[in-house]
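Asker: Provided herewith is a single structure, encoded as structure tokens, for subsequent inquiry.
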Amino acid sequence: MKRRTLLGAMLSIGLGAAFVSPLGIGAASAQETVKIGLILPLTGPFASAIGRHVEGAVRTYMQQNGDMVAGKKIEVIVKDDAGAPETTKRLAQELVTNDKVQILAGFGLTPLALSVAPIATQAKIPQVVMAAATSIITERSPYIVRSSFTLPQVTAPLADWAVKNGIKKVATLVADYGPGLDAEKTFNQRFTAAGGEIVANLHSPLRSPEFAPYLQRILDAKPDAVFLFVPSGQGALLLKQVTERDFAKAGIRVIATGDVTDDNDLNEIGDIALGIVTSHHYSAAHDSPENKAFRQAFAKANEGRRPNLMSIGGYDGMALIYKALEKTKGDTDGTKLVEAMKGVSMTSPRGPISIDPETRDIVQNVYMRKVERVNGELYNVEFATIEAVKDPGKTPK
Ligand code: PHB
């Protein structure tokens, strides 16, 4: 039953040849194989923008780079947690105990990543967080390494930009869980430290959000701008409701983290997104040879789709695993792999990145962007770069 379920899941998400059969046919012998358990929300509300993008990017990386590293064959076992932390935890335990994976990876949302931290610690194997973005995650296990981003990291530059661009009063509206609260805290601190005023801090529920009551309160508070964060996949609904209330006419600018103007949904969101200023670590429009190659490869492997803020975490997370295995010369000891990941630096399609050896979190450029129409499609067009930003949200030691 388990195998049938897994095979069904693999077929339904259209895995390519680079992924070894779950039945083990054609797999190299155990000691020559590195097994990676990739756990993602591949069904449910977070599948489209998060799970499928991370999975598609992992597959893209392997199609480009092959499935052999330092003499070892890479086998990725994909599991769907449907966005439920109890399921993520159970799947991680099964992957460690039954499948004997040497690396756990994926983790589409903060609660899903947190649920696995004790398992990584106990099993002493790397947990590569490719998507979830609350600051605290990497502090929950010495075996966690992050290839995505953190909300404080991308929010701080936006607060600075707002102050410099004549925005004096801001209302914030964020999804009511880890990353939203991180974004709110960072925005409040940076903006008020520079003399700005926060007129409201509002929280919308993560599941089945209804934004109307909060948007009305924002209109009533009459700020110069509203700062928004909702997770990847929820931006379309939020921006539609913002537009219905005509914030522009009320003189309220919309600023947000790039999660709200996700490349996965931007064309569908349409012209109402034009002009929105966001800050983030990745835009499909990032102008570099590495990103051009990534976009082409991702589109080829994923029915013509463009990569988004989540794909890049999956792609670079695989690059990180490959680099670590090269450094250990194929040794899969978990502690050695985590040590090897510390301090890795590379040129990603998003720009230069490295893993901070102290925190195991990613250091990367943050870009200021504006939604514009380019060749008939909407993009987050970058107009400024803040280089090598560390996560400012870490608890002081
Ligand atoms: C998270 O749950 O950590 C998360 C999910 C989606 C985002 C950002 C953060 O876009």
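Asker: Of everything in region 350-397, what is among the acidic types (Asp, Glu) and either at positive phi or in a loop (DSSP other than H, G, I, E, B) (or both)? Give them in sequence order.
Answerer: Asp356, Glu358, Asp361, Asp391
Asker: Also, I was wondering about something else. Looking at the structure I just gave you, is Ala319 of a type in the set (A, V, I, L, M, F, W, C) and either in contact with a Lys or Arg (Cβ under 6 Å, 6 or more places away or on another chain) or open to solvent by 20 Å² or more (accessible area, probe 1.4 Å) (or both)?
Answerer: Considered against the rule, which asks whether it is of a type in the set (A, V, I, L, M, F, W, C) and either in contact with a Lys or Arg (Cβ under 6 Å, 6 or more places away or on another chain) or open to solvent by 20 Å² or more (accessible area, probe 1.4 Å) (or both), Ala319 comes out as no.
Asker: Let me ask something else. Identify all residues within region 364-397 that are within 14 Å of Pro157 (Cα to Cα) and among the hydrophobic types (A, V, I, L, M, F, W, C); write none if there are none.
Answerer: Val366, Met368, Phe383, Ala384, Ile386, Ala388, Val389
Asker: Continuing with the same structure: Only one of Ala123, Ala183, Ala133 is among the hydrophobic types (A, V, I, L, M, F, W, C) and away from the ligand (no atom under 11 Å from the Cβ); which?
Answerer: Ala123
Asker: Let me ask something else. Can you run down the residue pairs with Cβ atoms below 6 Å, 6 or more apart or on separate chains, where the first is in region 166-177 and farther than 14 Å from Leu238 by Cα and in a loop (DSSP other than H, G, I, E, B) and the partner is open to solvent by 10 Å² or more (accessible area, probe 1.4 Å) and aliphatic (A, V, I, L, M)?
Answerer: Tyr177/Leu206
Asker: Could you check Arg207 against (1) open to solvent by 50 Å² or more (accessible area, probe 1.4 Å); (2) within 16 Å of the ligand (Cβ to nearest atom); (3) in a loop (DSSP other than H, G, I, E, B); (4) in contact with a strand residue (DSSP E or B) (Cβ under 8 Å, 6 or more places away or on another chain) and say which number it fails?
Answerer: Here Arg207 meets the rest and fails (4).
Asker: Tell me the strands (runs of 3 or more DSSP E) entirely within region 68-143 that contain at least 2 residues that are more than 17 Å from Ala340 (Cα to Cα) and in contact with a Gly (Cβ under 9 Å, 6 or more places away or on another chain).
Answerer: Output list reads 72-80.
The values are calculated or read from the model by the stated rules, or taken from the named source; none is laboratory data. What you see is a predicted model, and the numbers here were worked out from it, not measured in a lab. A quick note on method: Cβ atoms are made from the backbone with ideal geometry, for glycine too, and the neighbour counts reach across all protein chains shown. With ligands, DNA and RNA removed, areas are computed over all heavy atoms of the protein, side chains included. Shrake-Rupley method; radii C 1.70, N 1.55, O 1.52, S 1.80 Å.
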